[in-house]
1. Can you tell me the orientation of helix 419-429 relative to the chain, as the angle in degrees between its alpha-carbon axis and the longest Cα principal axis, to the nearest 10?
2. Among Ile309, Ala28, Ala269, pick out the residue whose Cα is farthest towards the positive end of the charge dipole of the chain, where Lys and Arg carry +1 and Asp and Glu carry -1 on C-beta, about the Cα centre.
3. From the Cα gyration tensor of segment 314-453, with a ≥ b ≥ c the square roots of its eigenvalues, which class applies: rounded if a/c is under 1.5, or else prolate if a/b is larger than b/c, or else oblate?
4. Just want to confirm a number: the relative contact order over segment 314-453, from Cα pairs under 8 angstrom separated by 6+ residues, in percent.
5. Rg over Rh of the chain, using C-alpha atoms and the Kirkwood radius, what does it come to?
6. For segment 303-387, state which trypsin sites (Lys or Arg not before Pro) are in a DSSP loop and have at most 14 other beta carbons lying within 10 Å of their beta carbon.
7. Please give the helix 139-187 orientation as an angle from the longest Cα principal axis of the chain, in degrees from 0 to 90, rounded to the nearest 10.
8. Which value, in debye to the nearest 20, describes the size of the charge dipole of segment 2-146 about its Cα centre when Lys and Arg Cβ atoms bear +1, Asp and Glu Cβ atoms bear -1, and nothing else is charged?
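Only the coordinates and a few stated rules stand behind these numbers; no lab work does. Just so we're clear, the structure is a prediction, and the values are computed from it rather than from any experiment. Here the Cβ positions follow ideal geometry from the backbone for every residue, glycine too, while neighbour counts run over all protein chains shown.
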Amino acid sequence: MTFKKFLPQKFTNRIILLIGFLGVITAAVNTSFTIYTNYKNTYEKVFNSIEIQYDIFADDFAEAMLLEDIYSIYSEVNEINKSFGFISNIYVLDAKGEYFTDANATRKIPDNISEDITVNKAIKAGETTIGKIIFVLNKNEIQKGIFSDVSRLVFVNIFIVIMGVLLGIVLARFLSNPLKQLSYQISNINPLKIPEELHTPAFSSYEVEQLKNTLHDLSYRLKESISQIKQQQREINKAERLASIGTMAAGLAHELKNPIMSLKLISDALQKEYADRDFNLKKDMEMISRQSDRLVKRINTFLAYAKPIESKIIEINIPEFVKYLKDLFSKYMDNVYIEYNYHSTENFKTDAEMLAQVLENLVQNSYEAGAENITISFYFENNRFIIKYFDNGTGLETSDKNEIFRPFFTTKESGTGLGLAMCEKILENLGGSISVIDTNCGAGFFIEINLNGL
Ligand SMILES: Nc1ncnc2c1ncn2[C@@H]1O[C@H](COP(=O)(O)OP(=O)(O)OP(=O)(O)O)[C@@H](O)[C@H]1O
Ligand SMILES: [Mg+2]
């Protein structure tokens, strides 16, 4: 852009340019207007003066012309000419247009008097024209009159422009100094010391104060973001460490399974061989075999928890899902009564198998907590699939409520403490969550799955 090319970079220079520009424009308009008014006034004055002189002497001229009294006419025009500097000569012509006399006694009319510097008046006796007066104007003198004040005006204008520019410099400094100081402070901010107090000098304008406040605000937010990033960094480091420990542990668990299985096979063989001979040995071997089974089961649970979940999303509706659950929970039928509540039959997408595993873990816990009744309600709300789960078992200890989803937290002698942790992991994978519902008796859980995510 051409305009941008001429715009100075610095704020101070911009203000000076603006004031200078305005000053020059004002001076130009001012001077032109004065010249125009002077011009009009001067010419008006000249014409009026000639008119008045003519009115005064018209009759005298006429009389003198009739008497051919050259001397009287000459002395009058000479008088007029002397009194008015803007008249350079006055010619008087007779009725035939011949030279009669003139104010400067030149005795002849110049060949070419330009019409624009003459004012002609007729000398009349009654209705008859008996002569003519030509007032020749002194252009130089008139122009002097027009421009006499202008030079003073131009001088005053130049003075005002210079004063304006000087004032502009002071004003611009006054405005730009707080900004300069602020930017100096910002450029010297130590990132380790954020938030830093910024100061604006006295007499800073409202806008500069606002800018300072905004920068303060930013500085505080920056501090928060930095501490958040640091916190996240720590969490990432921790997660990475845990992940590598998890991978190692999973590998180790896998390695342990084979020797345990060998132990179990040997103890089973010894059990059979010494079944009739040594009763105590048989009992010990049985114990080894049982404990090996338990160990392998725990290792399998742990490996299942450590393994990444592979989702199999299918389209299903609640009645179909409940039917699937009923088959799955048939093994608990003798001990626990499960009630299913739902109204909707609409289809939705989820990993039904994994969701069933979540509910199986809950049912297993309820069974282990001595529950006889379980109620599971299903419904949709704001594109979320909600499950509310209640049992009438021993219930959760208040102090345990925050712990139960933590891996390996268990209150059971034979528990691994991975059931609910697994539930949480599966639900997170499905874009959902699980939480405890406070109840007066038994335990309650709230599960929600965001259906938008699938
Ligand atoms: N329905 C429930 N009623 C009472 N306590 C419960 C219930 N569900 C969970 N808990 C408590 O939460 C703990 C953690 O449960 P979680 O299923 O994670 O592990 P676990 O059942 O102890 O072991 P695992 O499921 O691995 O065999 C349980 O030990 C138990 O104290
Ligand atoms: Mg459990």
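1. Tilt of helix 419-429: around 30 degrees.
2. Ala269
3. It comes out prolate by the Cα gyration axes.
4. 23 percent
5. Result: Rg/Rh = 1.62.
6. Counting only loop positions with at most 14 other Cβ atoms within 10 Å, the trypsin sites (Lys or Arg not before Pro) in segment 303-387 are Lys312.
7. 20 degrees
8. 1800 debye
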